[in-house]
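Visitor: Dumping the structure here so I can ask a few things about it.
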Amino acid sequence: MDILKFITAGSVDDGKSTLIGRLLYDSEAILLDQLEALHASNRKNDDGSIDLAILTDGLKAEREQGITIDVAYKYFETDKRKFIIADAPGHIQYTRNMVTGASNAALAIILIDARKGVVEQTTRHSFLVSLLQIPQVVVAVNKMDMVDYSEDVFKQIIADFKKLAAKVNLDNVTYIPVSALKGDNIVYPSSKMSWYLGDSLLQHLENVEITIDDSSAHARLPVQWVVRPQTDALHDYRGYAGRVSSGSFKVNDKVTVLPSGFSSTISKIEVYDKQPEEALAGMSVTVHLQDNIDISRGDIIVNSAGQPQLSNVIEADLCWMDTRPLDTSLTYLVQHNTKTIRCKIQEIIYKVNINTLEKDFDEEFKLNDIGRIVIKTAEPLAFDPYQVNKANGGAIIIDSRTNVTVGALMLRQSVE
């Protein structure tokens, strides 16, 4: 059974947590003790029904204020698929939280309040979804019960969002009218919107296609460990262990090790006590090569016919996550896959006003700012453009003084 990771994004009070609560409640994915705590809670909706948002409010401040601050992860499954939900905050001051929650998502649900339509924060969330290259998007037009389940309102919001989607380059968008509070079109189709002939939200989540990149051209294996038991029984054993981040490897594939550039051929693939002929993305494997090559942790094994870019001066999109502003005079650490090396921010090209999408050439990068920079690393990085291969195009920046992650990078291209 495959796993769909998805994130919810929307403005404050658009009903993200309520939607997830309804999804869990109506699909009977709530544990007995959670159900008891839910009924015992004194938080009620205006109509006296239980406030289902309680199911995702993990922090005390969230429960007290009725807002989402941190990313809450919830897990459930149906007969067709397993799900991991990231409930992300809508406030602009928690942009870094949304970026963190969305980084591994395969689908994003963007909530729009049917009464308000497309608003400034919708632009921000749509931009972030596009920036993070989330392949599938659902626009859930919520609170349809408050506009008398009007088809005209729904159609107008679709028209408005299509203009925004074209502006931020969002594809594969599905539109679903819902009421999280009442349960319309969340798990079961709504009888109050007979004009809508599509799937309910859960039906769509169960059936949406998850694209897995099994192309050998994108085969990438960051080396985590060089396995050399050096025992009498395994005197000549030399394996390279790691998790295939993207693409696929097969026995007899010609591969190249970067950054050294040495080439060899895969002689054997091991997974526990088995020896499969192929290793796919997400599999933790030990690979054996026909030739003895100097390989260490931080190197990356790639298919020789589809090599990534290799550079130490790289243009990248940056989301700054630290309360202290970016300091171009400091030396930071960049972690890309299993490789951690020193780097400097060589240039700030621009920041993006994520509410208007306009470029800002103010060079001070502060908490939650997003923009484009040029980074110079102490050694070359073997990377793919994030928009082509997310798994090998993402990296983080670490403050070497505190060991705190201060930025998320989407690598774009080498700079000559």
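The values are calculated or read from the model by the stated rules, or taken from the named source; none is laboratory data. Predicted model, so just to flag it, every value in this text is computed and none were measured. Note that each Cβ is placed from the backbone with ideal geometry, even for glycine, and that neighbours are counted across all protein chains shown. Remember, those area values only see protein heavy atoms, side chains included, never the ligands or the DNA or RNA. Shrake-Rupley method; radii C 1.70, N 1.55, O 1.52, S 1.80 Å.
Visitor: Points 7 angstrom from Cα along the Cβ direction at Gln346 and Thr174: gap in nanometres?
Guide: 4.3
Visitor: Put Arg81, Arg22 in order of accessible area, largest first, 1.4 Å probe: what do you get?
Guide: Descending accessible area places them as Arg22, Arg81.
Visitor: Let me ask something additional. Compute the Rg to Rh ratio over the chain from the alpha carbon atoms, using the Kirkwood formula for Rh, and round to two decimal places.
Guide: 1.01
Visitor: What accessible area per residue, rounded to a whole number of Å², is obtained for region 200-266 using a probe radius of 1.4 Å?
Guide: Solvent-accessible surface per residue comes out at 50 Å².
Visitor: Which cross-chain or sequence-distant (5 or more) residues have an amide H under 5 Å from the amide H of Asp253, H modelled 1.01 Å from N in plane?
Guide: Under 5 Å from the amide H of Asp253 lie the amide H atoms of Ile266, each far enough along the sequence or on another chain.
Visitor: Tell me, in nm to one decimal, what length is gained between Glu364 and Ser284 on full extension, where the rule is 0.36 nm per residue of separation less the Cα-Cα distance?
Guide: Value of the extension gain: 24.7 nm.
Visitor: Considering only protein heavy atoms, with the full assembly of protein chains and a 1.4 angstrom probe, order Arg324, Arg372, Arg342 by accessible area, largest first.
Guide: In descending accessible area the options line up as Arg342, Arg324, Arg372.
Visitor: If I take R0 = 51 Å and measure r between the Cβ atoms of Val388 and Tyr188 in this structure, what FRET efficiency does the formula 1/(1 + (r/R0)^6) give, to the nearest 0.05?
Guide: 0.85
Visitor: Here is a follow-up. Could you please report the charge total around Val139, scoring K, R as +1 and D, E as -1 over all other residues with beta-carbon less than 15 angstrom from its beta-carbon?
Guide: Its environment carries a net charge of +3.
Visitor: Residues of region 309-414: accessible area per residue at 1.4 Å, in Å²?
Guide: On a per-residue basis, 42 Å².
Visitor: Using Cα pairs under 8 angstrom and six or more residues apart, how large is the relative contact order of the chain, in percent?
Guide: Once normalised by length, the contact order is 12 percent.
Visitor: Which ³J(HN,Hα) values, rounded to whole Hz and listed in residue order, are derived for region 157-165 from phi using the Karplus coefficients 6.51, -1.76 and 1.60 in 6.51 cos²θ - 1.76 cosθ + 1.60 with θ = phi - 60°, glycine and proline given as x?
Guide: Going residue by residue, I get 5, 4, 4, 5, 6, 4, 5, 5, 4 Hz, with x marking Gly and Pro.
Visitor: How far apart, in nm, are the 7 Å Cα→Cβ label points at Glu206 and Glu28?
Guide: According to this spin-label approximation, the distance is 1.3 nm.
Visitor: Give the accessible area for Thr340 in Å² (nearest 10); use a 1.4 Å probe, count only protein heavy atoms, and leave out ligands, DNA and RNA.
Guide: 70
Visitor: Can I ask one more? Rounded to the nearest 500, what is the 222 nm mean residue ellipticity of the chain from helices alone, with -39500 (n - 2.57) per DSSP H run of 4+ residues and division by all residues?
Guide: -5000 deg cm²/dmol
Visitor: Can you give the accessible area of His235, probe radius 1.4 Å, in Å² rounded to 10?
Guide: Accessible area of His235: about 120 Å².
Visitor: Percent of Cα-Cα pairs more than 21 Å apart in region 194-327, please.
Guide: More than 21 Å apart: 53 percent of the Cα pairs in region 194-327.
Visitor: Taking springs between alpha-carbon atoms closer than 10 angstrom, which of Thr265, Thr377, Thr123 fluctuates most in the Gaussian network model of the chain?
Guide: For the chain, modelled as a Gaussian network with Cα springs under 10 Å, the answer is Thr265.
Visitor: Could I have the simple spin-label model distance between Thr328 and Glu277, label points 7 Å from Cα toward Cβ, reported in nm to one decimal?
Guide: 5.5
Visitor: Then there is this: What net charge is computed for the residues neighbouring Pro177, neighbours being all others with C-beta under 15 Å from the C-beta of Pro177, Lys and Arg scored +1, Asp and Glu -1?
Guide: Counting the neighbours of Pro177, the net charge comes to -2.
Visitor: Of Val119, Val99, which has the most accessible area and how do the rest follow, probe 1.4 Å?
Guide: Val119, Val99
Visitor: Within 15 Å, Cβ to Cβ, of Met410, how many net charges do the neighbouring residues add up to if Lys/Arg are +1 and Asp/Glu are -1?
Guide: So the environment of Met410 carries a net charge of +1.
Visitor: Turning to a different aspect of this structure: Hey, in the GNM for the chain with a 10 angstrom Cα cutoff, which one of Leu234, Leu326, Leu280 fluctuates hardest?
Guide: Largest GNM mean-square fluctuation: Leu234.
Visitor: What percentage of the solvent-accessible surface of the chain, computed with a 1.4 Å probe over protein heavy atoms, is contributed by carbon and sulfur atoms?
Guide: In the chain, the share of accessible area belonging to carbon and sulfur is 46 percent.
Visitor: Using only the C-alpha atoms of region 290-416, find the volume of their convex hull and express it per residue in Å³.
Guide: Expressed per residue, the convex hull around the Cα atoms of region 290-416 is 118 Å³.
Visitor: For region 150-253, would you read off the P(r) tail past 23 Å as a percentage of all alpha carbon pairs?
Guide: Counting every Cα pair in region 150-253, those more than 23 Å apart make up 59 percent.
Visitor: Oh, and also: Quote the FRET efficiency, to the nearest 0.05, computed for Ser150 versus Leu197 with a Förster distance R0 of 25 Å and r equal to the Cβ-Cβ distance.
Guide: Once the sixth-power term is evaluated, E becomes 0.95.
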